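Peer 1: Once you've had a glance at the structure underneath, I'll fire off some questions.
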Amino acid sequence: MGMENTGTEHPIDIVVAWVNGEDPILKKKRMRYLNQNEDSVPPGAAPTRFHSLNEIEYCVLSIFKFAPFVRKVFIVTDQQNPEIDEVVKRYFPNRLQDVSIVDHTEIFRGYEEFLPTFNSICISNMLWRIKGLADHFVYFNDDIFLLRPVQPTDWFIDQKPVLRGKWRFPPYERLLWDSLKEGVKRIFAPESKNERVASFQVNQWNAAQQLGFTFRYFRSGHTPLAMRKTTLEKYFTAHPERLKKNISFRFRNYVQFNTVALANHLEIKTGNKNHKTSQALYLQPHNRGKEYVAFKFNRALREENLLFICVQSLDLATHEDQEAVLQRMKSILELQ
């Protein structure tokens, strides 16, 4: 196997959450759980949350190209198949057996009443239950790609995860504004069932607060996030009721706690001081003007400190911008 699959003493696996929201079966399932009588779609159910443009192919190829030490890639889906065998076989034929498709039914075994779920927080809560997952794993969304070679120490140092993010004050302004809005709605539109829009930062703050952090929290961004399976397993085994409550929301909800933030703050409590910035470039090509994609990718190539790129809501971009992003990824990955 050579360098490709160094089954080191502490192997590192990758877990990628993937969904094809255009799949008619999944769409039908999703619509069944959206209350048809309501005026609005719950904030966590916006269609762009479920779109896919085969970004998963570039995500997996970038892992095999720039992180050849990775042992296995687990792609977590809801009775779907991203069908990346052909492309992996073409560029990394000896890694084909290192890609596994994991269905939600596997990780939710014993918790079937919470399926189907359309909620990335619930799915990430259960990743530690993937069969055969290494203790050291890195969580990706399918819109995150590697830009250049990474080392195991970019994710784990002395067997402890590298926590990527920054210390922040709690999102008091957001919390205050949200409760004011809710109060006004209650007075002027008591019949309205509009719920608060789930917030990435509030969901992270909820995790930190749950673990006793009061004046600040460690906020991570859209970047590959390293975790230890045993950290989550230990916590959820000790707090089964917290797990159950958190996975009970079909769509992302304001009151939930974010899994990575939970893992990060548990690590911090045990003295983990492996802290780094995200080292990710964030790209959202929707409504950005002509030169945006080229400008961002030129910066990605120029700044060697950037290891990762996150391309959000590519489905909302123009066809031209979608093509530009995919062409640039092909060039970085040297795909013919």
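Peer 1: Can Asp142 be described as modelled with pLDDT under 95 and of a type in the set (Asp, Glu)?
Peer 2: Yes.
Peer 1: Among the residues that make up the stretch 43-60, is at least one of them on the phi < 0 side of the Ramachandran plot, out of contact with any helix residue (DSSP H, G or I) (no Cβ under 8 Å at 6 or more places or on another chain) and at pLDDT 95 or above?
Peer 2: So far as the stretch 43-60 goes, yes, one or more of its residues are on the phi < 0 side of the Ramachandran plot, out of contact with any helix residue (DSSP H, G or I) (no Cβ under 8 Å at 6 or more places or on another chain) and at pLDDT 95 or above.
Peer 1: Okay, next question. Name the single residue that is farthest from Lys131 (Cα to Cα) among those in the stretch 59-92 being part of a helix (DSSP H, G or I) and of a type in the set (Asp, Glu).
Peer 2: Of everything passing the filter in the stretch 59-92, Glu86 is farthest from Lys131 (Cα to Cα).
Peer 1: Which of the numbered conditions does Ala17 fail, given that it passes all the others? Conditions: (1) surrounded by fewer than 20 Cβ atoms within 10 Å (Cβ to Cβ); (2) under 21 Å from Leu146 (Cβ atoms); (3) modelled with pLDDT of 95 or more.
Peer 2: So the condition that Ala17 fails would be (3).
Peer 1: Being modelled with pLDDT of 95 or more, more than 25 Å from Asn119 (Cβ to Cβ) and crowded, with 16+ Cβ neighbours inside 10 Å: is that true of Phe66 here?
Peer 2: yes
Peer 1: Got a number for residues in the stretch 324-334 being loosely packed, with under 15 Cβ neighbours inside 10 Å and more than 24 Å from Val19 (Cβ to Cβ)?
Peer 2: 3
Peer 1: Taking the condition of being buried (at least 19 other Cβ atoms within 10 Å of the Cβ), touching a helix residue (DSSP H, G or I) at 6+ places or on another chain (Cβ under 8 Å) and more than 24 Å from Leu163 (Cα to Cα), how many residues in the stretch 278-323 meet it?
Peer 2: So the count comes out to 6.
Peer 1: Which of the residues spanning the stretch 87-116 are farther than 30 Å from Phe236 by Cα, hydrophobic (A, V, I, L, M, F, W, C) and surrounded by fewer than 19 Cβ atoms within 10 Å (Cβ to Cβ)?
Peer 2: Once the filter is applied, which keeps residues that are farther than 30 Å from Phe236 by Cα, hydrophobic (A, V, I, L, M, F, W, C) and surrounded by fewer than 19 Cβ atoms within 10 Å (Cβ to Cβ), the stretch 87-116 yields Val87, Phe92, Leu96.
Peer 1: Scan the stretch 158-186 for residues that are exposed (fewer than 12 other Cβ atoms within 10 Å of the Cβ), at pLDDT 70 or above and part of a helix (DSSP H, G or I) and jot them down.
Peer 2: Tyr172, Glu173, Leu176, Leu180 - these are the residues of the stretch 158-186 that are exposed (fewer than 12 other Cβ atoms within 10 Å of the Cβ), at pLDDT 70 or above and part of a helix (DSSP H, G or I).
The values are calculated or read from the model by the stated rules, or taken from the named source; none is laboratory data. Note that this is a predicted model, so its numbers are computed, not measured. We place every Cβ from the backbone using ideal geometry, glycine too, and count neighbours over all the protein chains shown.
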